[in-house]
Amino acid sequence: MKITLRDAPPRAIWALEQAGIHPLLARLYAGRGVRSPDELDDQLALLPPPEQMRGCTDAARLLAHALQTGERICIVADYDCDGASACALALRGLRLLGQPLGWSRADYLVPDRVQDGYGLTPAIATRVHASGADVLVTVDNGIASVEGVAHARALGLQVLITDHHLPAVIGGSVALPKDCVIVNPNQPDCGFESKALAGVGVMFYVLLALRAELRARGLFGASNQPRLDPLLPLVALGTVADVVRLDALNRRLVAQGLKRIRNGQMPAGLAALFEVAGRRSALASSFDLGFALGPRINAAGRLSDMRLGIECLSCDDPARAAELAQTLDAINRQRKSLEGEMREQALQLAEERCTTHTATPPALCLYDSAFHEGVIGIVAARLKDKLHRPTFVFAPSQAADQSGTLKGSGRSIVGFHLRDALDLIAKRHPGVLLRFGGHAAAAGCTIAADQLPTFAAAFEQIGSEWLDAATLQQRLETDGALEPQYRRLDLCDSLQQQVWGQGFAPPLFCEELEVLSQRLLGQKHLALKLRHGGEPVDGIWFGRTETLPARARLAYRLDADEWQGRRRLRFLIEAAET
């Protein structure tokens, strides 16, 4: 592990301090590319207008017509937290905006991860048509569903695609679904300023455009139009859980959603999820959304039925919401147990794989017949983080019509574009990949079981070609030393109230510290007493059992530990330089 320091330009720090920002926050923001206090303004009035996003105006007209003529709308959602949040948002938003017209004909369908696979397939389009829908709206999927859209249109359905993923590439050219409306900031020729919106953020923009269209048609005025800001907690949840880059727009949306959650202004399902997770909504942070609520929603799509997650987020009855949240919590506990078992088995396989090399291979491909396809993505992510290698984990497909095939999920490191690697495998070894897709950091594929050795060898070969020693050196970017005067609970609380996440990393400090004492807690965690700025401070390193030397260069976060009603500051150790 190599601990490095972020560059925080002094001129940027000075400019932020002059605007009244606390010196510590000014340094942290400058290290994350913020150069002006305007970039930190979270007012909703600063949102770029919906008409700047290609397709938004056409989508608003299509939906306005559906609402005015009483057409039935069916939403096809993805089976992750972003998809569930976007679906619940669409259901709530359409019913809210259709209320002045007496319209409430919205339903949804979410594909089964195992039986249906990802996205709008022809089979899904057939089911939507059979439900009696007139308009099919995708959320968080659809941009690559060329065949599914064509089939839906052949059945007479109107189709609106709302998505944020990259389009499919066929024969070296971008292939978009035809004869439909597409809203996606990542489609060609879209000049929208943010390409990082999650699927739920794109759907929120469609609702903003729809409200403007209905206002233009005279259904209501600016003073009595339905308010859409109560939907922002769902936007915040899906955005953080999908680990999209928190650019200025996403930070603004998340900040506004968190403000409402802290004030108790959220759907009953969200409140129930905070309760079962043991988190205080009054102190809600992006960490809570990403690591407490998001996994409980995702667990339904991985091991059960994502309709549970969508119903929870759509529910307004506190008793029913509590029941659904308890169910999701139980599924998540099952997911964690299964993931833990698979992770240990995968680590053992990785160690065995490494015994045939003088060093850890540049890219890893692992498989076990007992692996569950619903959890392979999480396991791949854990191994990637631990070993700092692009990692693919495969499991037998559980779909009845895909006997003899394997489902793979991969996660990657900076410098290795995972989808491009799959594309290269497809070119070098035609027929090995039955299906694949994804982006730089995450991707998935389906292969015949007997093609696994070919895939593994090809994947490792690309790793050897693309990755050098410098890229394979694990680095941890930090914010440098923490000034002793900032080692305070109030500043810790202030830091936790800010919006941190992907592309806008939470504060991580590092410096050489004296280790005064250390002991194991439950044979799993290392409890420490450290000296910082001449004074003792508690520290904890979760998952660490090896002892530290008397002095060590440590990377740590500030954490407020609460025990028996008493709060104290401690250092949450993340790494030691080796």
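Which of the residues spanning the stretch 393-407 are surrounded by 24 or more Cβ atoms within 10 Å (Cβ to Cβ) and either in a loop (DSSP other than H, G, I, E, B) or out of contact with any Ser or Thr (no Cβ under 7 Å at 6 or more places or on another chain) (or both)?
If we filter the stretch 393-407 for residues that are surrounded by 24 or more Cβ atoms within 10 Å (Cβ to Cβ), which is where we start, we get 393-394, 406-407.
If the condition is that a residue be surrounded by 24 or more Cβ atoms within 10 Å (Cβ to Cβ) and either in a loop (DSSP other than H, G, I, E, B) or out of contact with any Ser or Thr (no Cβ under 7 Å at 6 or more places or on another chain) (or both), then Phe394 is the only one that fits.
Return the residues of the stretch 446-464 that are more than 15 Å from Thr360 (Cα to Cα) and out of contact with any helix residue (DSSP H, G or I) (no Cβ under 6 Å at 6 or more places or on another chain); say none if nothing qualifies.
Thr446, Ala448, Ala449, Asp450, Gln451, Leu452, Pro453, Thr454, Phe455
Please report, ordered by residue number, the strands (runs of 3 or more DSSP E) entirely within the stretch 510-578 with at least 2 residues that are under 19 Å from Ile3 (Cα atoms) and touching a residue at least 60 places away in the same chain (Cβ under 8 Å). Break it down into steps so the answer makes sense when it comes.
Working: elements: 525-532, 535-541, 551-563, 566-576.
Result: 551-563, 566-576.
Tell me the residue from Arg227, Arg260, Arg245 that is within 26 Å of Ser194 (Cβ to Cβ), assigned to a loop (DSSP other than H, G, I, E, B), of a type outside the set (Gly, Ala, Ser) and over 17 Å from the mean Cα position of the chain (by Cα), please. Give the derivation first.
Numbers: Arg260 fails: assigned to a loop (DSSP other than H, G, I, E, B); Arg245 fails: over 17 Å from the mean Cα position of the chain (by Cα).
Being within 26 Å of Ser194 (Cβ to Cβ), assigned to a loop (DSSP other than H, G, I, E, B), of a type outside the set (Gly, Ala, Ser) and over 17 Å from the mean Cα position of the chain (by Cα) holds for just one of Arg227, Arg260, Arg245, which is Arg227.
In this structure, does Ala458 turn out to be out of contact with any Lys or Arg (no Cβ under 9 Å at 6 or more places or on another chain) and part of a helix (DSSP H, G or I)? Break it down stepwise before answering.
Details: out of contact with any Lys or Arg (no Cβ under 9 Å at 6 or more places or on another chain): no; part of a helix (DSSP H, G or I): yes.
Considered against the rule, which asks whether it is out of contact with any Lys or Arg (no Cβ under 9 Å at 6 or more places or on another chain) and part of a helix (DSSP H, G or I), Ala458 comes out as no.
Given Gly83, Gly119, Gly93, which one is buried (at least 21 other Cβ atoms within 10 Å of the Cβ) and either at pLDDT below 95 or assigned to a strand (DSSP E or B) (or both)?
Values: Gly83 fails: either at pLDDT below 95 or assigned to a strand (DSSP E or B) (or both); Gly93 fails: either at pLDDT below 95 or assigned to a strand (DSSP E or B) (or both).
Sole residue among the options that is buried (at least 21 other Cβ atoms within 10 Å of the Cβ) and either at pLDDT below 95 or assigned to a strand (DSSP E or B) (or both): Gly119.
Kindly indicate the residue of the stretch 455-491 that is closer than 24 Å to Gly377 by Cα, buried (at least 17 other Cβ atoms within 10 Å of the Cβ) and not aromatic (Phe, Trp, Tyr) and also modelled with the lowest pLDDT among those meeting that condition.
Here is the first cut: in the stretch 455-491, the residues closer than 24 Å to Gly377 by Cα are 455-464, 466-467, 471-476.
Those left that are additionally buried (at least 17 other Cβ atoms within 10 Å of the Cβ): 455-456, 458-460, 462-463, 466-467, 472.
Among the residues that remain, those that are also not aromatic (Phe, Trp, Tyr) are: 456, 458, 460, 462-463, 467, 472.
On the way: Ala456: 96, Ala458: 97, Glu460: 95, Ile462: 97, Gly463: 96, Leu467: 95, Leu472: 92.
Only one residue fits best here, namely Leu472.
Within the stretch 25-64, track down each residue that is touching a Phe, Trp or Tyr at 6+ places or on another chain (Cβ under 6 Å) and assigned to a loop (DSSP other than H, G, I, E, B).
Once the filter is applied, which keeps residues that are touching a Phe, Trp or Tyr at 6+ places or on another chain (Cβ under 6 Å) and assigned to a loop (DSSP other than H, G, I, E, B), the stretch 25-64 yields Arg32, Met53.
Would you mind finding the one in Ala282, Ala277, Ala272 that is more than 18 Å from the chain's Cα centre (by Cα), assigned by TED's automatic domain parsing to the domain that holds Leu94, hydrophobic (A, V, I, L, M, F, W, C) and surrounded by fewer than 16 Cβ atoms within 10 Å (Cβ to Cβ)? Explain how you work it out, then say what you get.
Working: Ala277 fails: surrounded by fewer than 16 Cβ atoms within 10 Å (Cβ to Cβ); Ala272 fails: surrounded by fewer than 16 Cβ atoms within 10 Å (Cβ to Cβ).
So the residue among Ala282, Ala277, Ala272 that is more than 18 Å from the chain's Cα centre (by Cα), assigned by TED's automatic domain parsing to the domain that holds Leu94, hydrophobic (A, V, I, L, M, F, W, C) and surrounded by fewer than 16 Cβ atoms within 10 Å (Cβ to Cβ) is Ala282.
For the stretch 465-475, give me the residue count where each residue is hydroxyl-bearing (Ser, Thr, Tyr) and touching a residue at least 60 places away in the same chain (Cβ under 8 Å). Reasoning before the result, please.
In the first step, residues of the stretch 465-475 are kept if they are hydroxyl-bearing (Ser, Thr, Tyr); the result is 471.
Filter once more, so that each one left must be touching a residue at least 60 places away in the same chain (Cβ under 8 Å): none.
Number of matching residues: 0.
Val379 - would you say it is of a type in the set (Val, Ile, Thr), in contact with a strand residue (DSSP E or B) (Cβ under 6 Å, 6 or more places away or on another chain), under 25 Å from Leu303 (Cβ atoms) and assigned to a helix (DSSP H, G or I)? Walk me through it before giving the result.
On the way: of a type in the set (Val, Ile, Thr): yes; in contact with a strand residue (DSSP E or B) (Cβ under 6 Å, 6 or more places away or on another chain): yes; under 25 Å from Leu303 (Cβ atoms): yes; assigned to a helix (DSSP H, G or I): yes.
Here the answer is yes, as Val379 does meet what is asked.
Suppose we keep only residues that are closer than 21 Å to Met342 by Cα and not small (Gly, Ala, Ser) within the stretch 394-412. Which one would you say is farthest from the chain's Cα centre (by Cα)?
Top of the filtered list is Thr405.
Return the residues of the stretch 476-509 that are under 23 Å from Asp42 (Cα atoms) and either aromatic (Phe, Trp, Tyr) or free of Cβ contacts under 8 Å to residues at least 24 places away in the same chain (or both); say none if nothing qualifies.
Across the stretch 476-509, the qualifying residues are Asp490, Trp500, Phe504.
Assigned by TED's automatic domain parsing to the domain that holds Ser464, in contact with a strand residue (DSSP E or B) (Cβ under 6 Å, 6 or more places away or on another chain), within 26 Å of Leu472 (Cα to Cα) and surrounded by 16 or more Cβ atoms within 10 Å (Cβ to Cβ), is that true of Leu366? Steps first, answer last, please.
Values: assigned by TED's automatic domain parsing to the domain that holds Ser464: yes; in contact with a strand residue (DSSP E or B) (Cβ under 6 Å, 6 or more places away or on another chain): yes; within 26 Å of Leu472 (Cα to Cα): yes; surrounded by 16 or more Cβ atoms within 10 Å (Cβ to Cβ): yes.
For Leu366, the condition - assigned by TED's automatic domain parsing to the domain that holds Ser464, in contact with a strand residue (DSSP E or B) (Cβ under 6 Å, 6 or more places away or on another chain), within 26 Å of Leu472 (Cα to Cα) and surrounded by 16 or more Cβ atoms within 10 Å (Cβ to Cβ) - is met.
Among (1) within 17 Å of Leu63 (Cα to Cα); (2) without any contact (Cβ under 8 Å) to a residue 40 or more places away in the chain; (3) assigned to a helix (DSSP H, G or I), which single condition is His129 missing?
The one condition His129 does not meet is (1).
Any residue at all in the stretch 391-403 that is touching a helix residue (DSSP H, G or I) at 6+ places or on another chain (Cβ under 6 Å), more than 19 Å from Tyr118 (Cβ to Cβ) and of a type outside the set (S, T, N, Q)?
Taking every residue of the stretch 391-403 in turn, none turns out to be touching a helix residue (DSSP H, G or I) at 6+ places or on another chain (Cβ under 6 Å), more than 19 Å from Tyr118 (Cβ to Cβ) and of a type outside the set (S, T, N, Q).
What's the number of the only condition in (1) in contact with a Leu (Cβ under 7 Å, 6 or more places away or on another chain); (2) farther than 21 Å from Val244 by Cβ; (3) surrounded by fewer than 24 Cβ atoms within 10 Å (Cβ to Cβ); (4) not β-branched (Val, Ile, Thr) that Ala125 fails to meet?
The failed condition is (3).
Answer yes if at least one residue in the stretch 428-441 is outside the structural domain of Ala168 (by TED's automatic domain parsing), in a helix (DSSP H, G or I), loosely packed, with under 14 Cβ neighbours inside 10 Å and free of Cβ contacts under 8 Å to residues at least 60 places away in the same chain, and no otherwise. Outline the logic, then answer.
The initial filter retains those residues of the stretch 428-441 that are outside the structural domain of Ala168 (by TED's automatic domain parsing), namely 428-441.
From what is left, the residues that are in a helix (DSSP H, G or I) are 428.
Filter once more, keeping what is loosely packed, with under 14 Cβ neighbours inside 10 Å: 428.
Then drop every residue that is not free of Cβ contacts under 8 Å to residues at least 60 places away in the same chain, which leaves 428.
Checking the stretch 428-441: at least one residue is outside the structural domain of Ala168 (by TED's automatic domain parsing), in a helix (DSSP H, G or I), loosely packed, with under 14 Cβ neighbours inside 10 Å and free of Cβ contacts under 8 Å to residues at least 60 places away in the same chain.
Could you grab me the full set of residues in the stretch 150-175 that are more than 24 Å from the chain's Cα centre (by Cα) and farther than 14 Å from Leu62 by Cβ?
Within the stretch 150-175, the subset more than 24 Å from the chain's Cα centre (by Cα) is 150-159, 170-175.
Matches in the stretch 150-175: Ala150, His151, Ala154, Leu155, Gly156, Ile170, Gly171, Gly172, Ser173, Val174, Ala175.
Taking only the stretch 301-334 into account, find how many residues are at pLDDT below 95 and part of a helix (DSSP H, G or I).
Residues that pass the stated criteria total 3.
The values are calculated or read from the model by the stated rules, or taken from the named source; none is laboratory data. Just so we're clear, the structure is a prediction, and the values are computed from it rather than from any experiment. Cβ atoms come from the backbone with ideal geometry, glycine included; neighbour counts cover every protein chain shown.
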